[in-house]
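Student: If you scroll down you'll find the structure; I have some questions about it.
The values are calculated or read from the model by the stated rules, or taken from the named source; none is laboratory data. Keep in mind that this is a model prediction, so the values were computed, not measured. Cβ placement follows ideal geometry from the backbone for every residue including glycine, while neighbour counts extend to all protein chains displayed. Just the protein is used for accessible areas: all its heavy atoms, side chains included, with ligands, DNA and RNA removed. Shrake-Rupley method; radii C 1.70, N 1.55, O 1.52, S 1.80 Å.
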Amino acid sequence: MPAGSKTGPPLAKAKPISASVITYLRRRKTLRERELLQPERGKREGLLQTTHVTEELTTTTEMMMGRFERDAFDTLFDHAPDKLSVVKKSLITFVNKHLNKLNLEVTELETQFADGVYLVLLMGLLEDYFVPLHNFYLTPESFDQKVHNVSFAFELMQDGGLKKPKARPEDVVNLDLKSTLRVLYNLFTKYKNVE
């Protein structure tokens, strides 16, 4: 400090300001000045202007997954719901043909595949192997355990040469009939001639 300066004790102990702090303070000042120079948003000539913006908060599973193409099941549900019972009956017959080997029987597609157990067992029967019981939950209790089972069944399907199912495991667990039918129909098309 120069000999003739009269600074009090607090200023004498102060550290010098670095160049980066000065740059930050200058930027902050110029941003604040820009904000003051800009006209107020939402107001014109002192009056508040309103605009309506439509925002879609919920969406379909297909849109979330990036799929917008419609398949046979969309058409079936939209235009021929009377034929839905025929499709369900055919799929139940196919599933029971194989699950009866384990003394299991399906009567309702909507609910009995939701926990994923029948899907896993069905894949084992169709591919002719035993699925170790420690790989899935035989009596799932939570949503996550059911999703695990359905996801595991999907993995078995892919290992068997099928494409990844269009349905999400969560949709099958949530009792979405269309998703369950899509999964079972994929199995039917590949394994319909398996005894």
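Here is a yes/no grid of residues against (1) in a helix (DSSP H, G or I); (2) at pLDDT below 85; (3) touching a His at 6+ places or on another chain (Cβ under 9 Å):
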site	(1), (2), (3)
Glu40	no, yes, no
Leu84	yes, yes, no
Lys88	yes, no, no
Met123	yes, no, no
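Student: Let me ask something else. Given the structure, is Leu181 within 25 Å of Glu141 (Cα to Cα), at pLDDT below 90 and surrounded by fewer than 19 Cβ atoms within 10 Å (Cβ to Cβ)?
Tutor: no
Student: Shifting gears a bit: Check off (1) farther than 17 Å from His98 by Cβ; (2) in contact with a Leu (Cβ under 7 Å, 6 or more places away or on another chain); (3) of a type outside the set (A, V, I, L, M, F, W, C) for Tyr191 and give me the number that stays unchecked.
Tutor: It fails just one condition, (1).
Student: Of the residues Val183, Val117, Val131, which single one is within 20 Å of the chain's Cα centre (by Cα) and of a type outside the set (Asp, Glu)?
Tutor: Only one candidate passes the filter, namely Val183.
Student: Going through region 148-169 one residue at a time, which ones are over 16 Å from Met123 (Cα atoms) and open to solvent by less than 60 Å² (accessible area, probe 1.4 Å)?
Tutor: Ala167, Arg168
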